[in-house]
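See structure below.
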Ligand SMILES: [Zn+2]
């Protein structure tokens with residue numbers, strides 16, 4: 001009995017570890033080309049990338065390039081890659097892989113443009129390729145008996161193509177912002193963002209910060225934007241004077257600093273800055289060192305208590321259609337959480353990278369006050 005319990009504890013511990021393992025979106029992503037034997041592999045949408053010295057690539061595209069079959073089971077969120085007697089099974093929610101060679105271990109993975117990104121070496125090793133890294137390019141190469149060229153020759157024969165790929169315009173950026181949290185939905189919002197390797201900005205209320213320190217710390221370590229939404233969320237109280245707005249942001253900032261050690265200059269006033277934040281109010285807020293953020297896409301997720309996920313997705317899709325740089329208003333709510341995977345899928349498929357707002361960016365607001 002005791003032995004069973006210990007074994008279970010170990011197993012559960014391993015799973016917890018596997019679930020926690022994620023590719024940090026904070027890390028710099030760099031270009032890398034992938035070669036199979038003597039040819040570069042082309043990827044139609046999501047491109048391979050180098051993150052902290054590891055090459056990640058879209059699993060399906062690479063599997064197809066090596067002549068393996070790929071099957072995805074929607075119910076269990078499991079992917080199987082099979083070629084001859086070799087089999088790789090990946091459980092996506094658990095970030096866990098098992099292989100026909102007897103390996104069972106955690107696997108860092110993420111979604112990019114709705115493609116499953118996995119470490120190149122793991123897949124190449126299993127299907128018995130020799131993996132090499134050629135720093136010019138750079139090129140990550142999988143090679144078996146069919147490869148004739150040296151790494152340098154692969155590079156030289158593809159130099160122009162690599163240069164063209166590298167020069168491609170960077171992705172457009174969309175900014176997701178979540179107001180009024182953190183609360184009981186925030187942990188799952190953070191899980192979803194991590195799955196899509198997306199980052200967002202949280203405009204938080206002081207009391208919510210105090211009551212959900214774990215989530216706030218998680219936001220900080222995942223590189224999300226930490227921002228302020230005041231204390232009372234009561235228009236009559238916060239807009240009583242220009243100084244009362246500043247006071248609420250200062251109190252909120254103090255809560256943030258107590259929990260994370262971080263102080264921020266990003267503030268969003270409740271209900272948006274019009275009509276209350278007239279010139280004198282803004283001058284006072286800017287004078288206190290803050291930048292005032294509104295939005296240019298309203299998901300209307302807080303318009304009533306029974307807004308559906310479908311309505312939220314539709315609003316975001318419609319309003320982002322013509323925008324180069326959407327700043328999207330969302331809230332830490334159940335329906336928003338349910339809508340989030342579709343919102344992320346849509347934005348990433350439309351070429352947007354999802355990034356946090358930064359304190360050094362000129363703010364977007366309804367007064368066009370860029371201070
Ligand atoms: Zn609010």
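Quick notes
- Residue match in segment 340-352 (condition: at pLDDT below 95 and either in a strand (DSSP E or B) or on the phi > 0 side of the Ramachandran plot (or both)): yes
- Per-region count, segment 297-311, residues away from the ligand (no atom under 16 Å from the Cβ) and either in a helix (DSSP H, G or I) or at pLDDT below 95 (or both): 4
- Which listed residue is out of contact with any strand residue (DSSP E or B) (no Cβ under 7 Å at 6 or more places or on another chain) and either within 29 Å of residue 322 (Cβ to Cβ) or within 16 Å of the ligand (Cβ to nearest atom) (or both), from 187, 163, 206: 206
- Screening segment 49-156 for strands (runs of 3 or more DSSP E) wholly inside it with 1 or more residues that are out of contact with any helix residue (DSSP H, G or I) (no Cβ under 8 Å at 6 or more places or on another chain) and more than 20 Å from residue 197 (Cα to Cα) returns the ranges 69-73, 78-83, 86-91, 96-99, 104-106, 130-134, 139-143.
- Scanning segment 211-234 for residues that are over 20 Å from residue 333 (Cβ atoms) and assigned to a helix (DSSP H, G or I) yields 213, 217, 220, 221.
- Residue in segment 10-33 that is farther than 27 Å from residue 222 by Cβ and at pLDDT 90 or above present: yes
- In segment 257-271, the residues that are within 16 Å of the ligand (Cβ to nearest atom) and either modelled with pLDDT under 95 or crowded, with 18+ Cβ neighbours inside 10 Å (or both): 266, 267, 268, 269, 270
- Members of segment 320-339 that are over 13 Å from residue 300 (Cβ atoms) and either out of contact with any helix residue (DSSP H, G or I) (no Cβ under 6 Å at 6 or more places or on another chain) or not in a helix (DSSP H, G or I) (or both): 320, 321, 322, 323, 324, 325, 326, 327, 332, 334
- Any hit, segment 172-183, residues being over 28 Å from residue 285 (Cα atoms), more than 14 Å from the ligand (Cβ to nearest atom) and modelled with pLDDT under 95: yes
- Considering segment 272-283, and only residues there that are surrounded by 13 or more Cβ atoms within 10 Å (Cβ to Cβ) and either part of a loop (DSSP other than H, G, I, E, B) or outside the structural domain of residue 245 (by TED's automatic domain parsing) (or both), the residue that is nearest to the ligand (Cβ to nearest atom) turns out to be 272.
- Qualifying position, being without any contact (Cβ under 8 Å) to a residue 40 or more places away in the chain and surrounded by fewer than 16 Cβ atoms within 10 Å (Cβ to Cβ), among 351, 289: 289
- Comparison of 332, 294 shows that the only residue that is within 16 Å of the ligand (Cβ to nearest atom) and surrounded by 23 or more Cβ atoms within 10 Å (Cβ to Cβ) is 332.
- Flag for residue 121 being farther than 27 Å from residue 341 by Cα and outside the structural domain of residue 193 (by TED's automatic domain parsing): yes
- Against the criterion of being free of Cβ contacts under 8 Å to residues at least 24 places away in the same chain and within 18 Å of residue 201 (Cα to Cα), residue 218 does not qualify.
The values are calculated or read from the model by the stated rules, or taken from the named source; none is laboratory data. Keep in mind the model is a prediction, meaning the values are calculated, not measured. A quick note on method: Cβ atoms are made from the backbone with ideal geometry, for glycine too, and the neighbour counts reach across all protein chains shown.
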